[in-house]
Amino acid sequence: MKYLLSLLLLCPFKWGFSQSTGKTKLYLIGTVHQSSAILNPQMLFAILDSIRPDILLQENDSEQIATYFDDISPNSNEQNASLMYLKKYPGTLNLPFEFEGRNQYRKNNGMTPTDQLTIHLMDSLYQRKALSNANMEIYRRYITANKILFEFANSDIKTMNGLAFEKENRQRQHIQHHELPAIVHSEGIFAQRLVTKPDGGKISYRDGYQLWCNFWDLRNNTMAINIIRKANEHKGKTIVVLTGVQHKYYLRELLARYQDGNYELIEYFK
């Protein structure tokens, strides 16, 4: 939380010194990271080519962006589409907006692998009907929410960026990050199971999962602030933000909440 407050305090000071004029145009494109029937690199390139952005913002940190094209996954939508776009428009900037050191931060603090281990244990307890009645109901609704999202796997990228998916995704993410913690805090087994962190310290599934849930909010807030910073640093330009589709609703809401009048958020899929 201190990390986020520091960013919020610093941003207005920096933004106030912008010398450019005209609002930055922000396109928030929800993607699926791996090539599929929903989205492939050629389809994403076509979207980029129709917008003609001056800047691409990637869901990567500065270290990852420095080596972004050194090792390209053949199935990565963002990498391959961005490479095609940058070849056609070499003057385009390719910049990061991710929480710095995201993966290592989660490992160092014990959020991973406790996140997956906790869900696996929770599911096992649910299947054996070993949770309390209240917790059985919470997890049942989590399973239902996941099934609803899975049904969108047969849709297209426009649908995945639409209001129907957004509604279901918001509900699923709320359950995962703000309701499942009630299970780990009320069932003793999650306090008894431990994981060893990189520094040798121990952390329980309970504490590790709660930290992971907290990080969902911190990460999205950090990404939104980084987007706004880039919008102010490149005022008047057109920016496409490429983010996993499950982040889109959260980032859109935060960008509206933190609106400083210097950017315009444009919905590509109408």
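The values are calculated or read from the model by the stated rules, or taken from the named source; none is laboratory data. Quantities reported herein were computed from a predicted structural model and do not represent experimental measurements. The area values use the complete protein model at the heavy-atom level, side chains included, leaving out ligands, DNA and RNA. Shrake-Rupley method; radii C 1.70, N 1.55, O 1.52, S 1.80 Å.
Would you mind checking Lys25/Lys87; Lys23/Lys107; Lys23/Lys167 for any pair whose Cα atoms are more than 32 angstrom apart? From Lys25/Lys87; Lys23/Lys107; Lys23/Lys167, over 32 Å: Lys23/Lys107.
Here is the P(r) of the stretch 97-197: all C-alpha pair distances, binned every 5 Å from 0, give 2, 11, 18, 18, 17, 17, 12, 5, 1 in whole percents.
At q = 0.15, 0.17 Å⁻¹ the log10 of I(q)/I(0) for the chain amounts to -1.20, -1.40, computed by Debye summation with a single uniform scatterer per C-alpha, solvent ignored.
With both partners inside the chain, how many of the DSSP beta bridges are antiparallel, as a percent to the nearest 5? If you can, show how the numbers build up before the last one.
Working: 4 of 23 bridges.
The answer is about 15 percent antiparallel.
Rolling a 1.4 Å sphere over the protein heavy atoms, what is the accessible area per residue of the chain, to the nearest Å²? Present the calculation step by step, with values, prior to reporting the outcome.
Details: 13390 Å² over 270 residues.
In whole numbers, the chain has 50 Å² accessible per residue.
Can you give the log10 of the normalised intensity I(q)/I(0) at q = 0.23 Å⁻¹, computed with Debye over equal Cα scatterers of the stretch 27-123? Log-scaled intensity ratios, in q order: -1.20.
Which value at 222 nm does the chain reach when only helices count, each DSSP H run of 4 or more adding -39,500 (n - 2.57), with the total divided by all residues and rounded to the nearest 500 deg cm²/dmol? That calculation yields -17000 deg cm²/dmol at 222 nm.
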